[in-house]
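Asker: First, the structure itself, so that you have it in front of you.
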Amino acid sequence: MARTLIAGGYLATVDALGTEHPDGHLLIEDGRIAAVGAGPAPAELAAGAEVIDARGCLVTPGLVNTHHHLYQWLTRGLAQDAILFDWLVALYPLWSRIDADLVGRGAAAGLAVLARSGCTTVADHHYVFPRGSGDHVGALVEAAALVGLRLHASRGSMDLGASDGGLPPDFAVEPTDAALEASAEAVRRYHDPSADARVRIVIAPCSPFSVTTTLLRESAALARELGVRLHTHGSETLEEAAYCAERFAMGPTDYLESVGWLADDVWTAHGVHLDARDIARYAASGTGVAHCPSSNARLAAGIAPLRALLDSDVPVGLGVDGAASNESGRLAPEIRQAVLMARLRDGAGALGTRQALRIATMGGARVLGRQDELGSMEPGKLADLAIWRVDGVEHAGLPDPVAALGLAETPPLERLLVGGRTVVEHGELVKADSRRLAADAASASLELAARA
């Protein structure tokens, strides 16, 4: 068996009790956690194992990103001062000219940045599929394999163009039947239901203002027939709420509930404008939320009611969102951002640093339906781990290592492991060349701009 011992670090396990070991050990065998404990490892555990010296480091579960748009790495920095609807209208013409090659090159760069920020699992929501532009989902799968991360690839869709009352231009949408068939094909080709899956597929019509009621209903039925999860945007902006009120005579949560989209196999992105009644229905149904604080701020969408969601036991994970609305593209800083935004909305006690770490790890695993496999450091779980160096000058005098993630500058990433295999070491990718990925993404961005 392949055996690796992490020794001497501060272990924040994020188990149900929030157990922490200031000087602990963790043993990995064949890609899974075999033992976790305080102090040095017993001799029988250490014998024959490769040792990772984690002194001066914080060890956490790998971070789980529950909402992203990897292709948007190619359109960062545009429509810098726009709200969501204006931002979308500005960018749809560019996005409608992407193809699988550009998607793969942009995704590889986005995944590299996520890995270097401690992220081991990424849920990507891809919903623009120009006719004849190749296998976008396949390109995403290849990019994730290149970098070494787990991928939940959401096969999104839009079938409601502007001429029928939607927000996207007609040239950016698909026929309903084609979207459904392509979603089923993505599941057949790429979905792995096994416990240690590197790739899972999610069915994900984009939003209430870009898809028909028929597509929402039939996507839900298809996903449940195929045994995969569902994802969409929900309650992101006041403009979305006004759209739903005018078109459906109800709010976004009522509308999603009316088409079978409040359930424990569903999560929505953002949830900024959920009221108490909405939150109660999310909680009762087990519907999850991807909280994207930086993107919500970038587009002036508002601050999500995070404290109320957590108090109601709604599954909540963190999300970066697309790099065109969160140009950083990094997940670890969202931990601190979640803390600050929650306190700005609800006061100094609204969110602690350990609660924020739990959202970024176990919360995300729960949102993706993988709480039995990911999200905490416990025997039997997959060895997806982040090792953060907290003994540098940025964190000198900070006695609480978890506060390094939740309040201070994001610590340098000493090592990132996915299934026990090193993906990042000393802040650099191991499986791929980040400089090559940067050059590929830069050229892809220029190619896309030229097409417009």
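The values are calculated or read from the model by the stated rules, or taken from the named source; none is laboratory data. If you're wondering where the values come from, they're calculated on a predicted model, not measured in any experiment. Backbone-built Cβ (ideal geometry, glycine too); neighbour counts: all protein chains shown.
Asker: Can you give me the number of residues within the range 38-92 that are assigned to a helix (DSSP H, G or I) and either among the hydrophobic types (A, V, I, L, M, F, W, C) or surrounded by fewer than 16 Cβ atoms within 10 Å (Cβ to Cβ) (or both)?
Answerer: Step one: filter the range 38-92 for residues assigned to a helix (DSSP H, G or I), giving 43-46, 70-75, 84-92.
From what is left, the residues that are either among the hydrophobic types (A, V, I, L, M, F, W, C) or surrounded by fewer than 16 Cβ atoms within 10 Å (Cβ to Cβ) (or both) are 43-46, 70, 73-74, 84-91.
Residues meeting the conditions: 15.
Asker: Pairs, please: C-beta under 7 Å, at least 6 apart or cross-chain, first residue closer than 19 Å to Leu374 by Cβ and in the range 330-357, second of a type in the set (Gly, Ala, Ser) and surrounded by fewer than 18 Cβ atoms within 10 Å (Cβ to Cβ)?
Answerer: Arg354/Gly18
Asker: Are any of the residues in the range 24-42 free of Cβ contacts under 8 Å to residues at least 12 places away in the same chain and farther than 30 Å from Glu394 by Cα?
Answerer: Within the range 24-42, the first condition is being free of Cβ contacts under 8 Å to residues at least 12 places away in the same chain, and the residues that meet it are 42.
Right, trim to farther than 30 Å from Glu394 by Cα and you get 42.
Yes, the range 24-42 contains at least one residue that is free of Cβ contacts under 8 Å to residues at least 12 places away in the same chain and farther than 30 Å from Glu394 by Cα.
Asker: Another question, if that's okay. Any chance you could count how many residues in the range 290-342 are more than 14 Å from the chain's Cα centre (by Cα), of a type in the set (Lys, Arg) and not in a helix (DSSP H, G or I)?
Answerer: 0
Asker: On to the next question. With Ala100, Ala109 as the choices, which residue is touching a helix residue (DSSP H, G or I) at 6+ places or on another chain (Cβ under 6 Å), of a type in the set (Gly, Ala, Ser) and crowded, with 24+ Cβ neighbours inside 10 Å? Working first, answer last.
Answerer: Working: Ala100 fails: crowded, with 24+ Cβ neighbours inside 10 Å.
Matching residue, one of Ala100, Ala109: Ala109.
Asker: Only residues that are buried (at least 23 other Cβ atoms within 10 Å of the Cβ) and among the acidic types (Asp, Glu): list them for the range 121-153, please.
Answerer: Result: Asp124, single match.
Asker: Can you name every residue in the range 336-348 that is in contact with a Gly (Cβ under 7 Å, 6 or more places away or on another chain) and surrounded by 24 or more Cβ atoms within 10 Å (Cβ to Cβ)?
Answerer: Here is the first cut: in the range 336-348, the residues in contact with a Gly (Cβ under 7 Å, 6 or more places away or on another chain) are 336, 339.
Residue satisfying the conditions is Val339 alone.
Asker: A follow-up question, please. Would the range 272-287 turn up any residue that is assigned by TED's automatic domain parsing to the domain that holds Arg345, among the small types (Gly, Ala, Ser) and under 18 Å from Gly156 (Cβ atoms)?
Answerer: no
Asker: Any residue that is under 21 Å from the mean Cα position of the chain (by Cα), buried (at least 17 other Cβ atoms within 10 Å of the Cβ), hydrophobic (A, V, I, L, M, F, W, C) and assigned to a loop (DSSP other than H, G, I, E, B) - is there at least one of those in the range 394-414?
Answerer: The answer is no, given that none of the residues of the range 394-414 is under 21 Å from the mean Cα position of the chain (by Cα), buried (at least 17 other Cβ atoms within 10 Å of the Cβ), hydrophobic (A, V, I, L, M, F, W, C) and assigned to a loop (DSSP other than H, G, I, E, B).
Asker: So Leu88 ticks every box in (1) more than 23 Å from Glu185 (Cα to Cα); (2) out of contact with any Leu (no Cβ under 8 Å at 6 or more places or on another chain) but one. Which box is left unticked?
Answerer: Exception for Leu88: condition (2).
For every residue, the table says whether it meets (1) under 18 Å from Leu70 (Cα atoms); (2) without any contact (Cβ under 8 Å) to a residue 24 or more places away in the chain; (3) surrounded by 24 or more Cβ atoms within 10 Å (Cβ to Cβ).
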residue	(1), (2), (3)
Arg155	yes, no, yes
Ser163	no, yes, no
Glu174	no, no, no
Ala179	no, no, yes
His231	yes, no, yes
